[in-house]
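K.L.:
There's a structure below that I have some questions on.
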Amino acid sequence: MKHQPIPLSSSPDDEAQRFSAIYQFYYQPLLLLGFLVCSWWTSNAGVLAMADWISGASETTRQIALLVTASAMGAQYALWHYAMRLIPRYATYQARGIGVVVVAVLMIMLALSSTYTSFIGISQDSARGLELQRQADEYAAKANLLAPRAAAMSDALLVIGPQAESACARYEQELQTGAITGARGKGIVTGYLLGFCAGKTEIARTLEETIAANAVRSRDISALSAQLDQIIYDRDKSIGARELEFLGLARQMDALLQELQNADRTRGLRAASSAMAGSVAELKDASSALGQAQSRAVAAIVQEEHSSGTAISVLIDEIEALPMPGAGRATLKPAQIVVLEHWKLHLPQFAIALVIDLFAPLSTLLFWAAAIKARAQKAPISKGKIQ
């Protein structure tokens, strides 16, 4: 009875060549074609996103983007195919080096064209929404600065208002009775008292008007800030429509913030306070010509007005120390700039673009590696092989 020969198992090199041939013939073209279509589509969307800024992409731009991205994908597919078929058959180190350079250049081309534009196409709407949210947060922070400043002005009015009433009452008393100088009617002391009354009354009136006007502006600014947030999350509108509406409301808020800056009267209040301080010093010098009793009465007034001026100056310092929200200018940035500013929040989209575009060159290197060891164990390469 004859024994049948037991078939020898194939070597790992033969298995590698067999699987490489199967994958290259059946799976690689289909997978590569699918990823190529995905890369072409996302790259085209990225090119249109770059062009769709302010004026929007015209029909000519869309046609050019379609042609350019399709041509680029076709050229890259041909280059991948060349590299996959030719590099494993190169026999010399010089030829292999050229092949490696081609693959490296291909990867750089992918990073600078397909992957970059695909990344923008995938994440541009989200990045533009994030940019609107960033600008809305800046405006909300400006709106939050208004309340402390309004509170400081209200506190100052609580102090200066009664002081103004007291100064005016003292002037009227001296004018009618002459309780300080001993003589009714207008005189040197009553003139200074009138100045204190008028100065403090003007400071109180200015503070009151500023508080009332700023209260209206603050309400409008807070309402606009709330509308900005509503616009950002209004998913029924496109991101372009939301940007335009956001820009219109931001311009209104900038105008109100500019009015707030123009209505700031702290420098005028400080000047008025300094003028009263000068009048207090002059009144002190003028009291030397009065009698002893009158001089003591004037000295008491000088001391009181000096303390009052110091308190007013401290209150003005506190108001000035609080930051005044500046009027900015919201801007719409191109998609590629906005995406790069927020790229860390879009790493999954970036990974998707890389997976799509790097499949072909990485699979090329994999098939090339499968053929290296098998070729090295064969007989010396004949002269007819590609150099």
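K.L.:
In sequence order, what are the phi-derived ³J(HN,Hα) couplings for region 340-355 according to the Karplus relation 6.51 cos²θ - 1.76 cosθ + 1.60 with θ = phi - 60°, rounded to whole Hz, with x for glycine and proline?
P.N.:
Coupling constants for region 340-355: 5, 5, 10, 5, 5, 8, 10, 4, x, 5, 5, 5, 4, 4, 5, 4 Hz.
K.L.:
Run the dipole for region 180-253 about the Cα centre, Lys and Arg Cβ at +1, Asp and Glu Cβ at -1, nothing else charged, and hand back the magnitude in debye, nearest 20.
P.N.:
Roughly 500 debye, rounded to the nearest 20.
K.L.:
Roughly speaking, what is the centre-to-centre gap between region 123-163 and region 41-92 when only Cα atoms are used, to the nearest Å?
P.N.:
Taking the Cα centre of each part, region 123-163 and region 41-92 sit 47 Å apart.
K.L.:
Work out the FRET efficiency for D137 and E318 from their Cβ-Cβ distance, taking R0 = 35 Å, and round it to the nearest 0.05.
P.N.:
0.80
K.L.:
In degrees, nearest 10, range 0 to 90: what is the angle between the Cα axis of helix 146-177 and the longest Cα principal axis of the chain?
P.N.:
Orientation of helix 146-177: about 10 degrees from the principal axis.
K.L.:
In region 185-204, whose amide N lies under 12 Å from the spot 7 Å out along Cα-to-Cβ of A275? List them in ranges.
P.N.:
Residues 195-203 fall inside that zone.
K.L.:
Put +1 on the Cβ of each Lys and Arg and -1 on the Cβ of each Asp and Glu in the chain; which of L244, V339, F35 then has its Cα farthest toward the positive end of the dipole?
P.N.:
F35
K.L.:
With n ≥ 4 as the cut-off for DSSP H runs, can you work out [θ] at 222 nm for the chain, using -39500 (n - 2.57) per run divided by the number of residues, rounded to the nearest 500?
P.N.:
My calculation for the chain gives -27500 deg cm²/dmol from helical runs alone.
K.L.:
About its Cα centre, how strong a charge dipole does region 213-372 have in debye, to the nearest 20, once Lys and Arg get +1 and Asp and Glu get -1 at the Cβ?
P.N.:
Value, rounded to 20: 180 debye.
K.L.:
Next up: Check which residues have an amide H placed less than 5 Å from A330's amide H, if you skip close sequence neighbours.
P.N.:
none
K.L.:
May I pose another question? Computing the accessible area with a 1.4 Å probe over protein heavy atoms, can you report the carbon and sulfur percentage for region 315-375?
P.N.:
About 72 percent, which is the carbon plus sulfur part of the accessible surface.
K.L.:
On to the next question. Out of V189, L315, S126, whose Cα points farthest toward the positive end of the dipole of the chain (charges: +1 Lys, Arg; -1 Asp, Glu; placed on Cβ)?
P.N.:
My answer, from the dipole projection, is S126.
K.L.:
Based on the mean of other Cβ atoms within 10 Å per residue, sort peptides 362-369, 56-63 so the most packed one is first.
P.N.:
Put in order of decreasing packing, that is 362-369, 56-63.
K.L.:
So between K344 and W41, what do we pick up on full extension, going 0.36 nm a residue minus the alpha carbon distance?
P.N.:
Extra length available between K344 and W41 comes to 106.8 nm.
K.L.:
Report, in debye and to the nearest 20, how large the dipole of region 59-143 comes out about its Cα centre when Lys and Arg carry +1 and Asp and Glu carry -1 on their Cβ.
P.N.:
Once rounded to the nearest 20, the dipole reads 460 debye.
K.L.:
Still on this structure, please answer the following. Label-point separation (nm) for A213 and L112, each offset 7 Å from Cα along Cα-to-Cβ?
P.N.:
For A213 paired with L112, the spin-label model returns 5.7 nm.
The values are calculated or read from the model by the stated rules, or taken from the named source; none is laboratory data. Source: prediction; values computed, not measured. Glycine also receives a Cβ, built like all others from the backbone with ideal geometry; neighbour counts cover every protein chain displayed. Quick note on the areas: whole protein, heavy atoms, side chains included, nothing else; ligands and nucleic acids left out. Shrake-Rupley method; radii C 1.70, N 1.55, O 1.52, S 1.80 Å.
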